1. Find how much the distance from residue 59 to residue 166 grows on full extension, using 0.36 nm per residue of separation minus their present alpha carbon separation; answer in nm with one decimal.
2. Calculate the length of the line joining the C-alpha centroid of the stretch 128-193 to that of the stretch 21-96, in whole Å.
3. To the nearest 500 deg cm²/dmol, what mean residue ellipticity at 222 nm is calculated for the chain from DSSP H runs of n ≥ 4 alone, each contributing -39,500 (n - 2.57), summed and divided by the residues?
4. If a/c stays under 1.5 just call it rounded; otherwise compare a/b with b/c (prolate if a/b is bigger, oblate if not). Do that for the stretch 8-209, with a ≥ b ≥ c from the square roots of the Cα gyration tensor eigenvalues.
5. So how do 49, 60, 136, 5 line up by other beta-carbon neighbours within 10 Å, fewest first?
6. Using alpha-carbon pairs under 8 Å, 6+ residues apart, how would you state the relative contact order of the chain in percent?
7. If I model a spin label at residue 108 and residue 205 as a point 7 Å from the Cα along the Cα→Cβ vector, what separation in nanometres do I get?
8. Full-extension gain between residue 153 and residue 99, please, as 0.36 nm times their residue separation minus the C-alpha to C-alpha distance.
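A short reminder: the numbers here are calculations on the coordinates, not readings from a lab. Being a predicted model, the structure only gives us computed values, none of them experimental. All Cβ positions, even for glycine, are placed from backbone atoms using ideal geometry, and neighbour counts span all protein chains on display.
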Ligand SMILES: Nc1nc2c(ncn2[C@@H]2O[C@H](COP(=O)(O)OP(=O)(O)OP(=O)(O)O)[C@@H](O)[C@H]2O)c(=O)[nH]1
Ligand SMILES: [Mg+2]
């Protein structure tokens, strides 16, 4: 399975759900894209899948208010989550979508990996840190992407990445930190490799569990 990558371009839209009760069966493996509003989650999904319009992007924070589910192949899904931390929306609306977000994170068994997207100019805000701590404590794999890295030249960019890596190392979990730009395609190949590995590792684990249940 060395360097085996999935074909992310084969992705298709499954559903937009206001909460987890409207999602399809909770089996297989989901990798979710999470982060503050406007961090670039939807853009990153589009860059990864090579489809400009798969997930809707916007200059206005709070664009993605539903849990959007995409399928790569049976039992392998990508999830575009609503962003958090954006103040300029009505309180009632904010409560609703933040509740569906935390419910998804806490209850969805098929969630095995999290891509945490943070604007490289504002990394590790409170909620990002909480999410990191929660994910590592719960055995969820995390890939942290410092998005919009095209805003910096390679030198300063590298310094920020290293600084964030040091801060993240304190959480002790399995967290990889990388620079990313949907605009320039930086980090896209790396994300497809990491996610492919997660999906394929999970296939092997599931296979081993099945073998334990049924040795035949
Ligand atoms: N310069 C630059 N801008 C980007 C990049 N990725 C996204 N953006 C811009 O950032 C804004 C937000 O992008 P989205 O992908 O919609 O962000 P999101 O995290 O899905 O936002 P919500 O759905 O509101 O939570 C848009 O104006 C994008 O064009 C990037 O790599 N470089
Ligand atoms: Mg979005």
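1. So the chain would gain 35.4 nm between residue 59 and residue 166.
2. Result: 18 Å between the Cα centres.
3. Computed ellipticity for the chain at 222 nm equals -12500 deg cm²/dmol.
4. The shape class here is rounded.
5. Fewest-to-most Cβ neighbours within 10 Å comes out as 60, 5, 136, 49.
6. This gives 23 percent for the chain.
7. Result: 1.6 nm between the two label points.
8. 15.7 nm
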